[in-house]
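J.: Starting off with a structure, shown below.
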Amino acid sequence: MSPEVGSPAASSVSSNGADPLRMPDGALVAKRDAPLGGQAVLEGVMMRGVSTWSVAVRNPAGQIEISSDTMVPWARRHRIWRLPVIRGVVALAESMRIGFRALAISANAQLDEDEEGEAEEIGGWVWGLTIALSLAFAIGLFFVVPVGLTSLIKDQLGSAVLFWLVEGVLRTAIFIGYLVAISRLPDLRRFFEYHGAEHKTISCYEAEDQLLPARAKLYSRLHPRCGTSFLLIVMVVAIFVFAPLGLPAWYWLLATRILGIPLIAGISYEVIKWAGKNRRKRWVRAVMWPGLMLQNLTTREPDEEQLAVAIAALERVLEHETPGEAAASPIEIVA
């Protein structure tokens, strides 16, 4: 049993006697890793485990609505989906599918009733178009634009090494600039607060602390397995993946930047998976420090009501997955 709230033991150590680590923001994060993850949605949080995911949303009336569903991860269907690199691509594809479904649920929960008193819903084709446009925008901005701009000065560079180095630096700069820009949008502030609530709640669970808003708020809004850190790793890994290709014709440059995304994502997944399991080591935390700093842009400090929503989502998952089973699972999930 976890220490009682307010007790001396509860202030710094978890119930199993292992003191949590301190993140760069000075707050706590657990030493252990659990196959739990999630994301912020509109006025809520999606949490997922190994075989269950749930969405908790605070509706316009101030009540928490919870939806949940079960799943059979691809990694459990065939051994090939559990191989290194491949498992990362599969896990990310599953996360994207669940994430867009969760966003649809949260968006519909914010809609008013129509004239007949029935809840309005956003059509499936709208979300399909949204997904397609989102993916096209991300691929275009972070992969096509950098290689296109670098190609304009290819002759001046005169070196394949300089080309991929300039392209990689440009790609990373565009990514960081994009995060800085969206972090300044007032309309996204509550979304980022729910992102912070998701991280704090997962860390609270991983530390075997009580799932209460007063306890969860003690933990860091930065997490080693965050998708923001993962995306920064993608930008860096892409530099080394594309380097051996040299300077082929422009159409091959463009094709490789698009077709190479799954490989880059799979390798990046292995890196962040390894970092999450080795978070105790100081040099690992030092290497992950840039990604953690970027999380200051995509998370904000949540209030206790937002933490209550995140906890409600996680508790629904834990109703179907016991902590022991979750800890023993070989399936890894980006937080």
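J.: With (1) open to solvent by 30 Å² or more (accessible area, probe 1.4 Å); (2) on the phi > 0 side of the Ramachandran plot as the list, and Ala214 as the residue in question, which single condition is left unmet?
T.: So Ala214 meets the others, but not (2).
J.: Looking only at region 22-69, count every residue that is more than 17 Å from Leu92 (Cα to Cα), of a type outside the set (Gly, Ala, Ser), out of contact with any Asp or Glu (no Cβ under 6 Å at 6 or more places or on another chain) and open to solvent by 20 Å² or more (accessible area, probe 1.4 Å) and tell me the total.
T.: Going through region 22-69 one residue at a time, the tally reaches 13.
J.: Can you name the number of the only condition in (1) under 21 Å from Ser159 (Cα atoms); (2) without any contact (Cβ under 8 Å) to a residue 24 or more places away in the chain that Asn278 fails?
T.: (1)
J.: Based on what the data block shows, is Phe191 open to solvent by less than 10 Å² (accessible area, probe 1.4 Å) and in contact (Cβ under 8 Å) with a residue 24 or more places away in the chain? Full working, then the answer.
T.: Values: open to solvent by less than 10 Å² (accessible area, probe 1.4 Å): no; in contact (Cβ under 8 Å) with a residue 24 or more places away in the chain: yes.
Judged against the criteria, Phe191 is not a match.
J.: Let me ask another. Which pairs turn up if I take residues in region 291-307 that are small (Gly, Ala, Ser) and look for partners that are open to solvent by less than 50 Å² (accessible area, probe 1.4 Å) and part of a helix (DSSP H, G or I) with beta carbon separation below 9 Å, at least 6 apart in sequence or on another chain?
T.: Gly291/Thr228; Gly291/Ser229; Gly291/Phe230; Gly291/Leu232; Gly291/Ile233; Gly291/Ile272; Gly291/Ala275
J.: If I go through region 245-284 residue by residue, how many of them are within 24 Å of Arg87 (Cβ to Cβ), assigned to a helix (DSSP H, G or I) and either open to solvent by 80 Å² or more (accessible area, probe 1.4 Å) or not β-branched (Val, Ile, Thr) (or both)? Let's see the steps before the verdict.
T.: The initial filter retains those residues of region 245-284 that are within 24 Å of Arg87 (Cβ to Cβ), namely 256-281, 284.
After this cut, where a residue has to be assigned to a helix (DSSP H, G or I) as well, the list is 256-259, 261-277, 284.
Those left that are additionally either open to solvent by 80 Å² or more (accessible area, probe 1.4 Å) or not β-branched (Val, Ile, Thr) (or both): 257, 259, 262-263, 265-266, 268-270, 273-277.
Counting residues in region 245-284 that are within 24 Å of Arg87 (Cβ to Cβ), assigned to a helix (DSSP H, G or I) and either open to solvent by 80 Å² or more (accessible area, probe 1.4 Å) or not β-branched (Val, Ile, Thr) (or both) gives 14.
J.: Can you name the residue in region 292-307 that is outside any loop (DSSP other than H, G, I, E, B) and of a type in the set (S, T, N, Q) and, of all such residues, is most open to solvent (accessible area, probe 1.4 Å)?
T.: Step one: of region 292-307, the residues outside any loop (DSSP other than H, G, I, E, B) are 292-298, 304-307.
From what is left, the residues that are of a type in the set (S, T, N, Q) are 295-296, 298, 306.
Values: Gln295: 0, Asn296: 53, Thr298: 9, Gln306: 3 Å².
Selected residue: Asn296.
One line per residue, one yes/no per condition, for (1) open to solvent by 50 Å² or more (accessible area, probe 1.4 Å); (2) within 19 Å of Val236 (Cα to Cα):
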{"residue": "Trp127", "(1), (2)": "no, no"}
{"residue": "Gly158", "(1), (2)": "yes, no"}
{"residue": "Leu165", "(1), (2)": "yes, yes"}
{"residue": "Ala173", "(1), (2)": "yes, yes"}
{"residue": "Ser203", "(1), (2)": "no, no"}
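J.: Right, next: Looking at region 182-217, which of its residues are in a loop (DSSP other than H, G, I, E, B) and out of contact with any Lys or Arg (no Cβ under 7 Å at 6 or more places or on another chain)?
T.: Just the residues of region 182-217 that are in a loop (DSSP other than H, G, I, E, B), to begin with: 184-185, 207-212, 217.
Of everything in region 182-217, those that are in a loop (DSSP other than H, G, I, E, B) and out of contact with any Lys or Arg (no Cβ under 7 Å at 6 or more places or on another chain) turn out to be Arg184, Leu185, Ala207, Glu208, Gln210, Leu211, Leu212.
J.: Which of the residues that make up region 45-54 are outside any loop (DSSP other than H, G, I, E, B) and either on the phi > 0 side of the Ramachandran plot or over 15 Å from the mean Cα position of the chain (by Cα) (or both)? Please lay out each step first, then the result.
T.: Filtering region 45-54 for residues outside any loop (DSSP other than H, G, I, E, B) gives 45-48, 52-54.
Thr52, Ser54, listed by residue number.
J.: Quick one: which residue in Tyr251, Tyr269 is aromatic (Phe, Trp, Tyr) and in contact with a Leu (Cβ under 7 Å, 6 or more places away or on another chain)? Walk me through it before giving the result.
T.: Working: Tyr251 fails: in contact with a Leu (Cβ under 7 Å, 6 or more places away or on another chain).
It is Tyr269.
J.: Within the set of pairs 6+ apart or on separate chains, which have a first residue in region 69-94 that is over 25 Å from Leu135 (Cα atoms), a second that is open to solvent by 50 Å² or more (accessible area, probe 1.4 Å) and in a helix (DSSP H, G or I), and C-beta atoms under 7 Å apart?
T.: Ile80/Ile86
J.: Return the total of residues in region 170-181 being touching a residue at least 60 places away in the same chain (Cβ under 8 Å) and either over 18 Å from Ala40 (Cβ atoms) or part of a loop (DSSP other than H, G, I, E, B) (or both). Step through it out loud before you land on a result.
T.: Start the filter on region 170-181 by keeping residues that are touching a residue at least 60 places away in the same chain (Cβ under 8 Å), which leaves 171-172, 175-176, 179-180.
Filter again for either over 18 Å from Ala40 (Cβ atoms) or part of a loop (DSSP other than H, G, I, E, B) (or both), leaving 171-172, 175-176, 180.
The qualifying residues number 5.
The values are calculated or read from the model by the stated rules, or taken from the named source; none is laboratory data. Just so you know, these numbers come straight off a predicted model, no measurement behind them. Methodologically, a virtual Cβ is constructed for each residue, glycine included, from the backbone with ideal geometry; neighbour enumeration extends over all protein chains shown. Remember, those area values only see protein heavy atoms, side chains included, never the ligands or the DNA or RNA. Shrake-Rupley method; radii C 1.70, N 1.55, O 1.52, S 1.80 Å.
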